[in-house]
Amino acid sequence: MNKPSIPKGTRDFGAQEMRRRNYIFETIRSVFALYGFEQIETPAMEQLSTLTGKYGVEGDRLLFKILNSGDYKAGIDAETFTEESPAALAARLCERGLRYDLTVPFARYVVMHRNELTFPFKRYQMQPVWRADRPQKGRYREFYQCDADVIGTDSLMPEVDFVYMIDEVFRRLKLRTSLLLNNRKILAGIAEVIQAPDRLAQLTICMDKLDKTSVEAVLADLVESGFDPDSLAPVREVLTLEGSNRDKVTVLKQLLADSEVGLKGLEELEYVLDHVDTNDLMTELTFSPSLARGLDYYTGAILEVKSLDAPMGSISGGGRYDNLTGIFGLEGVSGVGISFGAERIYDIMLSLGMFDTAIEPEERIMIVNFGEEELQKLLPIAHQLRRAGLATEVYPSADKMKKQLSYANSRGCRHVIIAGSQELNEGKVSIKDMILGTQQECPLNEIVTRLRESLSASH
């Protein structure tokens, strides 16, 4: 018999891991709600036509496709199976796929429900996504995204809110982070200045490598990609910018003086800087003119968050997109959003030992089972404790006391209620503190008060 296993890039989560994960999820959820975002959910499956072509060639390759139900080979002859390309064959065999992210399904949702929504619409989603990627550290085939988006407004205030939301999430999680900020229009301005507006994508791919390599290596990469070496002086100036965020803006205003789109990007960036009090932030806010994530659909602000204490890629990010719903026929609807990488946040907190004391299991009470006669009187006590909001379980069988107490220890039960028939007839029980090793009698009418006092004192 083969030993059971799970697919690579997926994971099981035990009770302790779920406590830790839920701590992260609830922290993010509470901040989303604090800023007025409302939760929605979309199906794990989407029509393949909804997903295909939205993430580029590489994204399409990483889509998990679902075989059609029933006789999925109906109407397809053997010759077709052998001669058609994998992509063409998949299109005939699969009508649905697992969602790749939460953004495209959200755009589909907005278009389908536009007559029911009030704009600007503020939503958050916290659901798993799937990518047929090669599993490695910090990269999984199944993982959660925690997204928040504002759609239906051109205002730049959501960008300001998102800076504060990012800061608040990591403040509550006690993680030191750096928030990198840029604007796609600034990148477009740089491309104009070097007379290569039609090569923006290649330019930014090279510039975005700056955090992993050197300025000279980036410039060499640009030359190798076909850029004129004599035109790259502005790029060098951008890559070597130092000083405060305002200092960088001042230099770039001169550098991009002849680029209308570039100056517009700087104006939008300054709006965020003007409305964010950096003294009130725990997160480091840094203007990074080489940052270029999500260029396929970002049109304005670009945000990316990295940990200052652990070697990990982006743990949060987002940006402005002006026409995401246009892919489904609803033109001119601007939006901006951010996403938190819960899996990477978990891995960082685990590596830093932040779960060792931060996440304690819920305080539980266990009632010892002496047999059917006692059980009839103990069950109403259990119900009473649960109604009072105290997590309580009754041991399921009348095993030896040692075994029941060992179970209570392994379950993290601080208090154990022990009562035989004589004690119950006298209207009392014994409460054993499993940590202190003490045991005291307690009248039945005082049991809720006593346990609440004891639990309160232990915290």
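The values are calculated or read from the model by the stated rules, or taken from the named source; none is laboratory data. Small disclaimer: the values here were computed from a predicted structure and weren't measured. Virtual Cβ from ideal backbone geometry, glycine too; neighbours counted across all protein chains shown.
Residue by residue, here is whether (1) in a helix (DSSP H, G or I); (2) of a type in the set (Val, Ile, Thr); (3) more than 23 Å from Arg19 (Cβ to Cβ); (4) not assigned by TED's automatic domain parsing to the domain that holds Val110 holds:
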{"site": "Ala310", "(1), (2), (3), (4)": "no, no, no, no"}
{"site": "Gly313", "(1), (2), (3), (4)": "no, no, yes, no"}
{"site": "Gly319", "(1), (2), (3), (4)": "no, no, yes, no"}
{"site": "Glu373", "(1), (2), (3), (4)": "yes, no, yes, yes"}
{"site": "Gln384", "(1), (2), (3), (4)": "yes, no, yes, yes"}
{"site": "Lys403", "(1), (2), (3), (4)": "yes, no, yes, yes"}
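Inclusion of Phe13 among residues that are aromatic (Phe, Trp, Tyr), within 20 Å of Arg139 (Cβ to Cβ) and without any contact (Cβ under 8 Å) to a residue 12 or more places away in the chain is warranted.
Out of curiosity, is Gly36 out of contact with any His (no Cβ under 9 Å at 6 or more places or on another chain), at pLDDT below 95, loosely packed, with under 13 Cβ neighbours inside 10 Å and assigned by TED's automatic domain parsing to the domain that holds Asp133? No: the conditions fail for Gly36. Annotation: Arg414 fulfils all but one of (1) closer than 25 Å to Glu17 by Cα; (2) part of a loop (DSSP other than H, G, I, E, B); the unmet one is (2). Is at least one residue of the range 280-290 under 18 Å from Glu192 (Cα atoms) and either modelled with pLDDT under 95 or not small (Gly, Ala, Ser) (or both)? Yes. Which residues, taken from the range 417-459, are part of a loop (DSSP other than H, G, I, E, B) and within 46 Å of the chain's Cα centre (by Cα)? Hits for the range 417-459 are Met434, Ile435, Leu436, Gly437, Thr438, His459. Exactly one residue among Asp147, Asp161 is over 22 Å from Asp309 (Cα atoms), among the acidic types (Asp, Glu) and either in contact with a strand residue (DSSP E or B) (Cβ under 6 Å, 6 or more places away or on another chain) or at pLDDT below 95 (or both), and that residue is Asp147.
When every residue of the range 144-158 is checked against the conditions, at least one turns out to be in a helix (DSSP H, G or I) and surrounded by fewer than 21 Cβ atoms within 10 Å (Cβ to Cβ).
Filtering the range 43-70 to residues that are part of a strand (DSSP E or B) and over 20 Å from Ile327 (Cα atoms) leaves Lys65, Ile66, Leu67. For the range 71-78, the criterion of being part of a helix (DSSP H, G or I), modelled with pLDDT under 90 and more than 30 Å from Met354 (Cβ to Cβ) is met by at least one residue.
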